[in-house]
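To keep things clear, I will list the structure first and then write my remarks on it.
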């Protein structure tokens, strides 16, 4: 790599010969004129569907986009050169909250802001030279797209798979809107600053829980997905086997139902925790002013699981007592702020002796703590609860202080209690899931309208299919306080399709995960008169899906679920939407700042900073280019607006060219790892391309060459040709199987180094060079397609690389070596190397190794006890 970066930088005339802007403009015009990337179904060819997660049209591409889409483009181009019929589409995930925020800030309509951004970002993607079939492009905010998810929803309503129920949400009492968890900051609304309330309102849900077992089992059929993603999904789905246990409540007709995976700890229950919204809590609060005030307090704050886990544990006794189903003892019922009605039954049996959260709560409020699990002869210590409670398979773990359960292990206690409680109708075995049904309602404007009509007589009725789509008005005034469709009585007004009476439309819109859960299928069927048509079964499943691991749970889970809904509706045949998944790492960059007087930091973009180095090129400081004064060097972090360390891809493309930026994105790190941005690294890639350009154009300007004649090659020519075909072999494996693009590019750099030292102007020497340069052009094409397009023509080809030019093939005969270099070790330490014929015997290798002067010197005074010859690798001499 060092050789490549240092060579050729002084040849100014040659450097000017490679003009990225002109090269890239010409190549892209050729691709457009020849509609190079438009594809259709072709049963005679194997298909390959490569898809990168579609972007949100935020206004401009960032380096994360560039990296993600370059990975997909490299894979697509490689597969195309290997004879596949490749589909690589692009579109826009265009609904969502950021458009509303931008509309408020810029005093515009979300639609206008969104479409303007799409235009700009499309031109940026096209400037990068990505091989997209733009005829399939769509924006998810257009009625011709979202009408089909409305249609699916109405059909799911009729099947009972879509339903409405009350759910607890974050409510901003000033803006009168529901907030997403990320919009609640320190318990307050992000915009109004008002204390957020927990409010129960009607919401629409899809019954993803009906598919929980299939979603879990399906992970075992996806060997091409990262283990980390599958583990996260398994944990999120959260299958658990346990007992549902009923506790009678003293003086009440209603009983409490809890679910536990650890019934062996039942005798350790010293209280029961219930949610503030539980009917028993509300009933108890009617005659208890302090409890009523506490329940009112609990209405504030977020409802996310993360917040529930980290917040201070708070509670209050209800004055009610539950009757233990085995001992008959009375245990107090407490309201606790970490229990919600939307999770499970809204009641939890508390075992503080063996549960961290329950222990913390019991210790705070002076509630009893009982040991009911013992591990061997270890003394009981609540601090060790994890050691005993979490490992229920430990052979020495037994139930104690629990009557008939004493001495039993987990499984024995489970079965004993299951039989006992089922016989008395106080419990039953149950499989429970952490997964909850997908809440798809959003109380926002910029989203797909939920296709439901509310009638005073008929209740909630799906919009008839012939009245779809329900179109979201786009030319609206938007203040952010109330959704324009909620504020417009004319838009809401309609007629009930069942009774013909006056009715109103639903003003909630879909969660934007809805659009991104089926977009991949719509790409396969542009213009279809249903959600998809028969073309989908040619292209699906996606062969390679690419996106960040931050989407491992929600998007990828809904993506899999919605595919199964379409399968069960007869729209597609495959069980899973994508065969292989690649999660690219993030792009990181240095941060720079100055401290402000108030203690805050003023973050400065790296492009505005000049790094200072000492005579050994070590970083000793940094200054702001505009004033020459020092700035502080922060850590290396993910590119973000908050740290102002993002790099504008467009500026880099204008300075270096798209191919250089693409090359750096693929070379700087393996795709799964973080990529640290370095302009010096980009400059190194630019030097490599200039040198490659010079090698090809200089060769092409020389005399004609014959075809390679393997039988006429001398040793040097054979060695050069062998390096070429070893490189083809490695790059093919790196691109096709390993997706290790950085090592493939490194191998091509080494090949260029080899060509630089191959000073053979003979006919066969020029033939070998020509073969190597042609192969390099093709091998680099997936990464730097503009350069490859031009240099292929420079090498004398009338046809374009993109016009199905095949991937270079390895000549196995070229890989055969006439001689081999073997390392010679004495007692495990390298003492010499020897050159032997490829077919040399072990005896010949041994004899030559023992004759090496340095080996003779180290063997002086010693006896050779054994000589081990590993063919083709090493001769190891054992002496003493």
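Structure values in brief
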item: Only one of 58, 76 that is in contact (Cβ under 8 Å) with a residue 24 or more places away in the chain and either over 19 Å from residue 542 (Cβ atoms) or not in a helix (DSSP H, G or I) (or both); result: 58
item: Unmet requirement for residue 159, which otherwise passes all of (1) modelled with pLDDT under 85; (2) out of contact with any strand residue (DSSP E or B) (no Cβ under 9 Å at 6 or more places or on another chain); (3) more than 27 Å from residue 113 (Cβ to Cβ); result: (1)
item: Any hit, region 415-430, residues being modelled with pLDDT under 95, touching a helix residue (DSSP H, G or I) at 6+ places or on another chain (Cβ under 7 Å) and either part of a helix (DSSP H, G or I) or closer than 30 Å to residue 109 by Cα (or both); result: no
item: Which numbered condition residue 834 misses (of (1) in a loop (DSSP other than H, G, I, E, B); (2) in contact with a strand residue (DSSP E or B) (Cβ under 9 Å, 6 or more places away or on another chain); (3) within 30 Å of residue 815 (Cβ to Cβ)); result: (1)
item: Residue 348 vs. criteria touching a helix residue (DSSP H, G or I) at 6+ places or on another chain (Cβ under 6 Å), at negative phi and crowded, with 20+ Cβ neighbours inside 10 Å; result: no
item: Residue tally, condition in contact with a helix residue (DSSP H, G or I) (Cβ under 7 Å, 6 or more places away or on another chain) and either outside the structural domain of residue 502 (by TED's automatic domain parsing) or more than 14 Å from residue 507 (Cβ to Cβ) (or both), over region 447-468; result: 3
item: Criterion (in contact with a helix residue (DSSP H, G or I) (Cβ under 6 Å, 6 or more places away or on another chain), within 30 Å of residue 99 (Cβ to Cβ) and surrounded by fewer than 18 Cβ atoms within 10 Å (Cβ to Cβ)) met by exactly one of 471, 481; result: 471
item: Only listed residue being outside the structural domain of residue 746 (by TED's automatic domain parsing) and under 29 Å from residue 19 (Cβ atoms), chosen from 620, 604, 633, 611; result: 611
item: Sole exception among (1) part of a loop (DSSP other than H, G, I, E, B); (2) within 16 Å of the chain's Cα centre (by Cα); (3) within 19 Å of residue 450 (Cβ to Cβ) for residue 558, by number; result: (1)
item: Some residue of region 592-605 being part of a helix (DSSP H, G or I) and in contact (Cβ under 8 Å) with a residue 24 or more places away in the chain; result: no
item: Checking residue 225 against (1) without any contact (Cβ under 8 Å) to a residue 24 or more places away in the chain; (2) more than 30 Å from residue 417 (Cβ to Cβ), the condition it does not meet; result: (1)
item: Number of positions in region 797-821 that are in contact (Cβ under 8 Å) with a residue 24 or more places away in the chain and touching a strand residue (DSSP E or B) at 6+ places or on another chain (Cβ under 8 Å); result: 2
item: Subset of region 230-262 [more than 20 Å from residue 333 (Cβ to Cβ) and either without any contact (Cβ under 8 Å) to a residue 12 or more places away in the chain or surrounded by fewer than 19 Cβ atoms within 10 Å (Cβ to Cβ) (or both)]; result: 230, 231, 232, 234, 235, 236, 238, 239, 240, 241, 242, 261
item: Qualifying residues in region 27-55 (those that are within 17 Å of residue 540 (Cα to Cα) and without any contact (Cβ under 8 Å) to a residue 60 or more places away in the chain) - the one surrounded by the fewest Cβ atoms within 10 Å (Cβ to Cβ); result: 44
item: Residue within region 435-445 that is surrounded by fewer than 19 Cβ atoms within 10 Å (Cβ to Cβ) and out of contact with any strand residue (DSSP E or B) (no Cβ under 8 Å at 6 or more places or on another chain) present; result: yes
item: Filter result for the condition that a residue is in a loop (DSSP other than H, G, I, E, B), within 28 Å of the chain's Cα centre (by Cα), farther than 29 Å from residue 436 by Cα and touching a residue at least 24 places away in the same chain (Cβ under 8 Å), over 115, 132; result: 132
item: Residue ID - modelled with the highest pLDDT, chosen from residues in region 263-293 that are within 41 Å of the chain's Cα centre (by Cα) and surrounded by fewer than 21 Cβ atoms within 10 Å (Cβ to Cβ); result: 279
item: Members of region 854-880 that are more than 57 Å from the chain's Cα centre (by Cα), in contact (Cβ under 8 Å) with a residue 12 or more places away in the chain and in a helix (DSSP H, G or I); result: 859
item: Residues located in region 92-102, provided they are assigned to a loop (DSSP other than H, G, I, E, B) and more than 18 Å from the chain's Cα centre (by Cα); result: 94, 95, 96
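Every residue, every condition in (1) outside the structural domain of residue 461 (by TED's automatic domain parsing); (2) in contact with a helix residue (DSSP H, G or I) (Cβ under 9 Å, 6 or more places away or on another chain); (3) surrounded by fewer than 17 Cβ atoms within 10 Å (Cβ to Cβ), yes or no:
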{"position": "184", "(1), (2), (3)": "no, yes, no"}
{"position": "193", "(1), (2), (3)": "no, no, yes"}
{"position": "200", "(1), (2), (3)": "no, no, yes"}
{"position": "203", "(1), (2), (3)": "no, no, no"}
{"position": "223", "(1), (2), (3)": "yes, no, yes"}
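Per-residue answers, yes or no, for (1) modelled with pLDDT of 85 or more; (2) within 23 Å of the chain's Cα centre (by Cα):
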residue: 164; (1), (2): yes, no
residue: 175; (1), (2): no, no
residue: 179; (1), (2): no, no
residue: 194; (1), (2): yes, no
residue: 197; (1), (2): yes, no
residue: 222; (1), (2): yes, yes
residue: 231; (1), (2): yes, yes
residue: 235; (1), (2): yes, yes
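The values are calculated or read from the model by the stated rules, or taken from the named source; none is laboratory data. This one's a predicted model, so the numbers in the text were calculated from it and none came from an experiment. As a convention, Cβ positions derive from the backbone with ideal geometry for all residues, glycine included, and neighbour counts pool all protein chains shown.
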